[in-house]
Amino acid sequence: MSSTQHGRGSSAKKAEEASDSNSLVGGSVTHVTTDHNSDKSSSEVLEMPEERNMRPPVQLNHDQWKIKKKLNKSDVNMLCRLLISKTVVNAYVLPELETQEKRDRVRTKGGLKVMVWDCDTETQHPLTLEYWKSSKSYVFKSGWSGFVRRRGLAVGDEIGMFWDRLNTRFSFAVLARANGA
């Protein structure tokens, strides 16, 4: 029976008799073909485009710090409270709090006790987040002075914070020092 009687032409038969393998070498592919009838093999190097050109770019510069602030005198002096704008807290914090009760508590006198993870020192600290009607803004207090002292925070330092939904706490970091350190 000939190969054409099975519906296969001679090129299909040759393809079946040859085994192909590819191996990656740097930015190229080495294509090796072995013909089993003649025990001969041949290889050729094919240049392949780099992988990063084959996929859309990955966003590596995602900014997780939803609350950013360059510290001013009132944030680091004897008042020892961190003032945060109402707009930022309403957009990035209140919607993340698990219950309406917690959202309401932030807006009452006494505020809501929250945990703050210091990403730089890998330590956790309690603070109170409260809405101040007089300034129409939110403040971190009751523990903020400890942050200021412990981290040596100064006027002009830039800090970042965000609500970590998975761990139900704020994450905090010093993003830049005023003195460039």
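Out of the stretch 136-181, which residues are open to solvent by 30 Å² or more (accessible area, probe 1.4 Å), in contact with a Ser or Thr (Cβ under 6 Å, 6 or more places away or on another chain) and closer than 17 Å to Trp65 by Cα? Across the stretch 136-181, the qualifying residue is only Phe162. Would you be able to say whether some residue in the stretch 110-124 is closer than 18 Å to Leu175 by Cα and more than 22 Å from the chain's Cα centre (by Cα)? Checked the stretch 110-124: no residue is closer than 18 Å to Leu175 by Cα and more than 22 Å from the chain's Cα centre (by Cα).
Annotation note: Cβ proximity below 8 Å between a residue of the stretch 69-96 that is under 19 Å from Lys113 (Cα atoms) and a residue that is assigned to a helix (DSSP H, G or I) and of a type in the set (S, T, N, Q) (sequence gap 6+ or interchain) occurs for Cys80/Ser145; Arg81/Ser74; Leu83/Ser74.
Can you work out which of the residues in the stretch 95-142 that are aliphatic (A, V, I, L, M) and outside any strand (DSSP E or B) is modelled with the lowest pLDDT?
Once the filter is applied, the top-ranked residue is Leu97.
On the stretch given as the stretch 106-135, residues that are of a type in the set (Val, Ile, Thr) and buried (at least 16 other Cβ atoms within 10 Å of the Cβ) total 4.
The values are calculated or read from the model by the stated rules, or taken from the named source; none is laboratory data. Nothing here was measured: the structure is a model prediction, and the numbers come from that model. Neighbour counts are summed over all protein chains in view; Cβ atoms, including those assigned to glycine, are modelled from backbone coordinates with ideal geometry. Ligands, DNA and RNA are stripped out before the accessible areas are found, and what is left, the full protein with its side chains, is counted by its heavy atoms. Shrake-Rupley method; radii C 1.70, N 1.55, O 1.52, S 1.80 Å.
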